[in-house]
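Structure first, commentary second.
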Amino acid sequence: MNVNQTVPGSDVDLALAKRNALILAASNAFLGAGAPIAVSLGGLAGDYMLGEDKSLATAPVTGFTLGVAVGALPAAWLMRLIGRRLGFMGGACLNGLGGAVATIALFQSSFWLFAFGLLIIGMGNSFIQQYRFAATDNAPDNFKGQAISWVLMGGVISAVIGPQLVIFTRDFFAPVMFAGAYASILGLAAIGVVILSMLRIKENTVLLEHRSETPERPLVQILLQQKFLTALACGVCSYALMSFMMTGAPLAMVGCGFSTDMAALGIQWHVLAMFAPSFFTGKLIARFGYAPIIASGLVILIACAVVAGMGIELWNFWGALVLLGVGWNFGFIGATTMVSTTYRPAEKNKVQGVHDVILFGTVAFASLMSGRVLNSFGWHAISQVLWPAALLCLLLLALQVRSDRKNREIAG
């Protein structure tokens, strides 16, 4: 049977969905390693190139996150035009270009060119962020949560590759600090292109589905759904709080007397904690639903704030970063699964693009404010921000669950 003639939900569809999810996970393992490199060294490299005023040290990391936000809509538009496979391969090339620009900037000791290089890496990463949505394309409903989890499992490997590349390559071009680590992103991009060339998305089937279903709803109508707004709030909260604390953590650790290697290893444990739960998060969502998993993630973020506020020993930093990663995993995967239930296949590109612009625009602002808050008020002020934001999202989620229950009672 031809792939493009399969019926959605068939065994062939499930097999293809699993194959694509594994390919996207493998690509995420290598291309995703650029994110921990950018985050763990972005603030330190910025601090190294600045003078006495260090308040903008995290601006390059903000550039990375802003790039994800800026690239979200163009990435969605490009993939609608040329398809997922070619679009993702182009995103991988963009990652390599950003790595090259960042490396040149370090050789020239140009702070703003370095921030621009990380912005380009972030734009390439906006394509990587679409992996989780691509994994759900044509996948059976009961596999969508697992498909997202499978893709994010690749992050477990990237969590090892990224920080280890930092440790082994940062002095490769000594005395130019950190240049080797950013040059390694070129190699990661090349590997990603090869892996992504094997991707097989049923673009023709998607187009047929678009023509056969009811007309697309206006974008505003989709975005104003209570369920979409709740899912967006929970996803933004989980990701922005994670970025806010993670961005400031390496600078805070070095400022408290720990080495750069300890800071990089802290980020490694954090990224491992972000993606390792993906081995079972999808199954938990399939069994209990997305709402309890999102709520669990938000509670874990509050626990992260408690550990971070207890002191500035190494275990406080690493323990908080691990809890931060697990909380992000549950909150973000659950929220992404929830978002995927709010739109029809024909509406996916525009909704996914707008969703990621809002999401990563907020995350970029959070990463920028991390450096300013750390510089003005210290590490403990960063941890205290987690409390009110997480509690507000728990309230919104509770209201959504109550609304869903009422709707089921009315329908029953």
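Condition test on Gly412, is it farther than 26 Å from Ser149 by Cα and modelled with pLDDT under 90?
When the stated conditions are applied, Gly412 passes them.
Please enumerate the residues belonging to the range 390-412 that are touching a Leu at 6+ places or on another chain (Cβ under 7 Å) and among the aliphatic types (A, V, I, L, M).
Of everything in the range 390-412, those that are touching a Leu at 6+ places or on another chain (Cβ under 7 Å) and among the aliphatic types (A, V, I, L, M) turn out to be Ala390, Leu394.
Which of the residues that make up the range 97-141 are assigned to a loop (DSSP other than H, G, I, E, B), surrounded by fewer than 22 Cβ atoms within 10 Å (Cβ to Cβ) and among the aliphatic types (A, V, I, L, M)?
Correct list: empty.
Given the criteria crowded, with 22+ Cβ neighbours inside 10 Å and either out of contact with any helix residue (DSSP H, G or I) (no Cβ under 7 Å at 6 or more places or on another chain) or not charged (D, E, K, R) (or both), does Ala390 qualify?
Numbers: crowded, with 22+ Cβ neighbours inside 10 Å: yes; either out of contact with any helix residue (DSSP H, G or I) (no Cβ under 7 Å at 6 or more places or on another chain) or not charged (D, E, K, R) (or both): yes.
So Ala390 passes the test.
Test Thr62 against the stated conditions and say whether it is at pLDDT below 80, over 17 Å from His270 (Cα atoms) and buried (at least 24 other Cβ atoms within 10 Å of the Cβ). Step through it out loud before you land on a result.
Details: at pLDDT below 80: no; over 17 Å from His270 (Cα atoms): yes; buried (at least 24 other Cβ atoms within 10 Å of the Cβ): yes.
So Thr62 does not fit the description; no.
Of the residues Phe133, Phe127, Phe116, only one is among the aromatic types (Phe, Trp, Tyr), modelled with pLDDT of 85 or more and closer than 20 Å to Phe30 by Cβ; which?
Testing whether each residue is among the aromatic types (Phe, Trp, Tyr), modelled with pLDDT of 85 or more and closer than 20 Å to Phe30 by Cβ leaves just Phe127.
Farther than 25 Å from Met177 by Cα and among the aliphatic types (A, V, I, L, M) - does that describe any residue in the range 250-264?
Keep residues of the range 250-264 that are farther than 25 Å from Met177 by Cα, which gives none.
Taking every residue of the range 250-264 in turn, none turns out to be farther than 25 Å from Met177 by Cα and among the aliphatic types (A, V, I, L, M).
Being hydrophobic (A, V, I, L, M, F, W, C), within 29 Å of Phe133 (Cα to Cα) and free of Cβ contacts under 8 Å to residues at least 40 places away in the same chain narrows it down to one of Leu78, Leu73, Leu24, Leu41, so name that one.
Going through Leu78, Leu73, Leu24, Leu41 in turn, the sole match is Leu78.
Counting residues that are modelled with pLDDT of 85 or more, which helices (runs of 4 or more DSSP H) fully inside the range 186-265 reach at least 2?
219-223, 226-255
The values are calculated or read from the model by the stated rules, or taken from the named source; none is laboratory data. What you are looking at is a predicted structure, and each value in this text was computed from that prediction instead of being measured. Neighbour counts are summed over all protein chains in view; Cβ atoms, including those assigned to glycine, are modelled from backbone coordinates with ideal geometry.
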